[in-house]
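The values are calculated or read from the model by the stated rules, or taken from the named source; none is laboratory data. Fair warning: this is a prediction, and the values are worked out from it, not measured in the lab. Backbone-built Cβ (ideal geometry, glycine too); neighbour counts: all protein chains shown. Ligands, DNA and RNA are excluded from the accessible area calculation, which covers all protein heavy atoms including side chains. Shrake-Rupley method; radii C 1.70, N 1.55, O 1.52, S 1.80 Å.
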Amino acid sequence: MNRYFAILGLVASITPSTVGAAVVNGTAAKVPAYQARGATEVAALGPLAPSLQGKPVVARIHADWCPACKATQSTIDHLKQVYAGRINFVQFDVTNAKTAAASQALAQKLGLEKFYDASKAATSTVAVIDPQNGKVDATFYNDGSIGDYQRAIDAALKAES
């Protein structure tokens with residue numbers, strides 16, 4: 001499977017394609033199609049862990065060395081504050097082998113292993129996920145616009161009620 005993504009990555013890097021409507025791109029970067037497919041191709045993960053039920057899940061792939069993660073950190077912090085108690089926020093840290101292993105274990109525990117496996121190489125990816133069926137409702141890459149996230153989270157909250 002990893003060979004498939006590596007080959008697909010090589011093909012995509014020489015193909016001038018950008019992401020379709022399923023992924024919201026940040027203003028700082030255009031996402032090659034192979035990177036965006038990770039989260040968006042995971043059509044449904046299945047029901048997530050009982051601890052995540054009842055609130056939309058906002059999952060983030062983060063690394064301390066990632067410039068895009070640093071650039072979007074204040075937006076993520078603001079979201080966590082504004083939506084405190086109304087969303088489940090999960091961050092997967094892939095800064096190094098130790099944090100990535102802990103994130104892999106957390107993803108398995110929460111039922112997010114397909115999302116994690118598909119997105120772990122695309123730091124600064126954030127997804128809004130329906131915990132009942134695991135459907136990825138929205139995916140963002142290097143997006144610092146609070147409004148983009150708010151629209152997706154508000155829609156997910158409305159669907160939950």
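When you scan segment 130-143, how many residues do you find that are at positive phi and surrounded by 22 or more Cβ atoms within 10 Å (Cβ to Cβ)? Spell out the reasoning first.
Of all residues in segment 130-143, those at positive phi come to 134, 142.
Filter again for surrounded by 22 or more Cβ atoms within 10 Å (Cβ to Cβ), leaving 142.
The qualifying residues number 1.
For the list (1) buried (at least 22 other Cβ atoms within 10 Å of the Cβ); (2) out of contact with any Cys (no Cβ under 9 Å at 6 or more places or on another chain), I need the number of the one condition that GLY147 fails.
Only one criterion is unmet by GLY147, namely (1).
What about VAL82, is it farther than 23 Å from PRO47 by Cα, at pLDDT 95 or above, hydrophobic (A, V, I, L, M, F, W, C) and out of contact with any helix residue (DSSP H, G or I) (no Cβ under 7 Å at 6 or more places or on another chain)?
Working: farther than 23 Å from PRO47 by Cα: yes; at pLDDT 95 or above: yes; hydrophobic (A, V, I, L, M, F, W, C): yes; out of contact with any helix residue (DSSP H, G or I) (no Cβ under 7 Å at 6 or more places or on another chain): yes.
Yes.
Just to verify a result, which residue in segment 86-98, among those that are touching a residue at least 12 places away in the same chain (Cβ under 8 Å) and either in a loop (DSSP other than H, G, I, E, B) or among the polar types (S, T, N, Q) (or both), is surrounded by the fewest Cβ atoms within 10 Å (Cβ to Cβ)? Walk me through how you get there before you give the answer.
Pass one, segment 86-98, residues touching a residue at least 12 places away in the same chain (Cβ under 8 Å): 86-95.
Filter once more, keeping what is either in a loop (DSSP other than H, G, I, E, B) or among the polar types (S, T, N, Q) (or both): 86-88, 91, 94-95.
Details: ARG86: 13, ILE87: 20, ASN88: 20, GLN91: 15, VAL94: 24, THR95: 15.
Only one residue tops the list, namely ARG86.
Take LYS109 and tell me if it is open to solvent by 20 Å² or more (accessible area, probe 1.4 Å), within 20 Å of GLY46 (Cα to Cα) and within 12 Å of the chain's Cα centre (by Cα). Step through it out loud before you land on a result.
On the way: open to solvent by 20 Å² or more (accessible area, probe 1.4 Å): yes; within 20 Å of GLY46 (Cα to Cα): yes; within 12 Å of the chain's Cα centre (by Cα): no.
Against the criterion (open to solvent by 20 Å² or more (accessible area, probe 1.4 Å), within 20 Å of GLY46 (Cα to Cα) and within 12 Å of the chain's Cα centre (by Cα)), LYS109 does not qualify.
Restricting attention to segment 112-129, which residues are open to solvent by 60 Å² or more (accessible area, probe 1.4 Å) and part of a helix (DSSP H, G or I)?
Filtering segment 112-129 for residues open to solvent by 60 Å² or more (accessible area, probe 1.4 Å) gives 113-114, 117, 120-121.
Listed by number, the residues that qualify are GLU113, LYS114, ASP117.
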